[in-house]
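Taking it in order: structure first as structure tokens, then the write-up.
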Amino acid sequence: MKILVIQQKMIGDVLATSILFEAIKHKYPKAELHYVINSHTFPVVKNNPFIDYFHFFTPEHEKSKFQLYKFAKDLNKQNFDVVIDVYSKLSSKLMTFLSKAKTKISIDKGKKSFIYTHTFKHKSKAHTNAGLAIENRLQLLKPLDINALKIVRPKIHLTEDEKNNAKQFLESRAIDLENPLFMIGVLGSGHNKTYPFEYMAKVIDQIVLEQPTSQILFNYIPKQEADAKAILELCSPETQKHIYFDVFGKSLRDFLAITSHCDALIGNEGGAINMAKALYIPTFTIFSPWIKKEAWNMFDDNIKYVSVHLKDYDNKPYLNIEHPKVLKSKATELYLDFKPAFFESNLKAFLKRLH
């Protein structure tokens, strides 16, 4: 049996969807499994033992209808028995439609879903602490007679060499791995998913206050350096002494290996949080006010994995609305209402449990 899974989206989505491969391999160990992903997301699924082949969707495929059609036709030559289209985008629909698969599975988008043989509506409420992102994906396996209630957790597979190289790198930069080491997700994927700079600085100040021997790393990419530095400068002079601003991974795999040595990742909800969880590193997540926490608070247990949302402390903006995304245009205003004092006790308790 040959199965194709299509997930053209961000790093967190590609990582979350990787659970399907482990679940399928447990049920059908001889199945040949293929994964279509955006090329830049490959590092989070590299070395995954349950995925047999990758097909990379590139910016060229995105920009050119001819290149997209050629890509889809090339996939068609594989003669897949099953196609699982996780998000049902226009490009993934074309791949699915042109495939020779008898079984085509996706989410239910009403009349737009006619090309699929099986569709599933997104659940509105999670039944486990795995969260909706995991549970909604697992139900796509029902047509394969795989138990959608048996939870599988995303995992990142680092080599021993990668972990050892990261350890040596940290030690060469005067990081003492005997003392607490915290990775801070200082910036979200966009302005409306980024906790206000001055508030984030106060959060970092609190970490150092609670853990006086803390060593702080910032997670940012080169184009975000100015914003990351702005947050650094808003921290107290004492806190700044604990921040190793220039210590960061040059690649996503480097970041993952460095994070594997951290005591926790604390900061904005997004791909970095999901990657830390896949490495079994404790996380403290600050959700944007317009994001549905239940969708992405994967495996939260309020002990090792904790997340906070404005709705947890002030429910008024969320009364009489169907989904928090309707508040997206008010993100800046709502963020200002989401003061660090709201979750100060939660963060203190989280830090205390780490040691």
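Based on the Kirkwood radius over alpha-carbon pairs, what value in µm²/s does the Stokes-Einstein equation return for the translational diffusion coefficient of the range 118-236 at 25 °C and 0.890 mPa s?
135 µm²/s
So how far, in whole Å, is the C-alpha centre of the range 18-56 from the one of the range 246-309?
Cα centres, the range 18-56 to the range 246-309: 22 Å.
Take each of the peptides 303-310, 252-259, 206-213, average the number of other beta-carbon atoms within 10 Å over its residues, and list them starting from the highest. Mind dumping the intermediate values first?
Details: 303-310: 20.0, 252-259: 21.5, 206-213: 17.0.
Highest mean packing first, the order is 252-259, 303-310, 206-213.
Give me the aspartates and glutamates in straight-line cross-link reach of Lys167: C-alpha distance below 20 Å, same-chain residues under 8 apart excluded.
By straight Cα distance, Lys167 reaches Asp176, Glu178, Asp246, Asp254, Asp263.
Can you give me the relative contact order of the range 104-165 as a percent, contacts being Cα pairs under 8 Å and 6 or more apart? Don't skip to the end; give the middle numbers.
On the way: 53 pairs, mean separation 13.6, N = 62.
For the range 104-165, the relative contact order is 22 percent.
Taking only protein heavy atoms into account and a 1.4 Å probe, give the accessible area per residue of the range 209-355 in Å².
Numbers: 6920 Å² over 147 residues.
On a per-residue basis, 47 Å².
Between Glu171 and Lys100, what length in nm is gained on full extension when 0.36 nm per residue of separation is reduced by their alpha carbon distance?
Values: separation 71, 0.36 × 71 = 25.56 nm, distance 5.30 nm.
Gain on stretching Glu171 to Lys100: 20.3 nm.
Take the residue pairs Lys2/Lys65; Lys193/Lys348; Lys109/Lys142; Lys9/Lys193; Lys193/Lys293; Lys46/Lys250 and return only those whose Cα atoms are more than 20 Å apart. Spell out each step's value before the answer.
Values: Lys2/Lys65 26 Å; Lys193/Lys348 23 Å; Lys109/Lys142 18 Å; Lys9/Lys193 17 Å; Lys193/Lys293 12 Å; Lys46/Lys250 17 Å.
Cα-Cα > 20 Å for Lys2/Lys65; Lys193/Lys348; rest within.
If you roll a 1.4 Å probe over the heavy atoms of the protein chains, what accessible area per residue do you get for the range 42-192, in Å²?
Details: 8210 Å² over 151 residues.
Accessible surface, normalised per residue, equals 54 Å².
Expressed as a whole percentage, what fraction of the accessible surface of the chain belongs to carbon and sulfur atoms when a 1.4 Å probe is rolled over the protein heavy atoms?
Values: 8940 of 16860 Å².
Accessible surface attributable to carbon and sulfur in the chain totals 53 percent.
Provide Rg and Dmax in Å for the range 125-174, with only Cα atoms included in the calculation.
Looking at the range 125-174, its Cα Rg and Dmax stand at 18.1, 53 Å.
Charges only on Cβ, +1 for Lys and Arg, -1 for Asp and Glu: so what's the dipole of the range 297-336 about the Cα centre, in debye to the nearest 20?
Numbers: 6 positive and 6 negative charges, 32 e Å.
It works out to roughly 160 debye.
Ranked highest first by the average count of other Cβ atoms within 10 Å around their residues, in what order do 269-277, 59-67 fall?
On the way: 269-277: 25.1, 59-67: 12.3.
Listed from highest to lowest mean packing, they are 269-277, 59-67.
Cβ neighbours within 10 Å, averaged per peptide: list 17-29, 105-117 in order, most packed at the top.
Details: 17-29: 18.8, 105-117: 15.2.
Output ranking for 17-29, 105-117: 17-29, 105-117.
The values are calculated or read from the model by the stated rules, or taken from the named source; none is laboratory data. Quick caveat, the model's predicted, so the values are computed rather than measured. Methodologically, a virtual Cβ is constructed for each residue, glycine included, from the backbone with ideal geometry; neighbour enumeration extends over all protein chains shown. Calculation scope for accessible area: heavy atoms of the full protein, side chains included, ligands and nucleic acids excluded. Shrake-Rupley method; radii C 1.70, N 1.55, O 1.52, S 1.80 Å.
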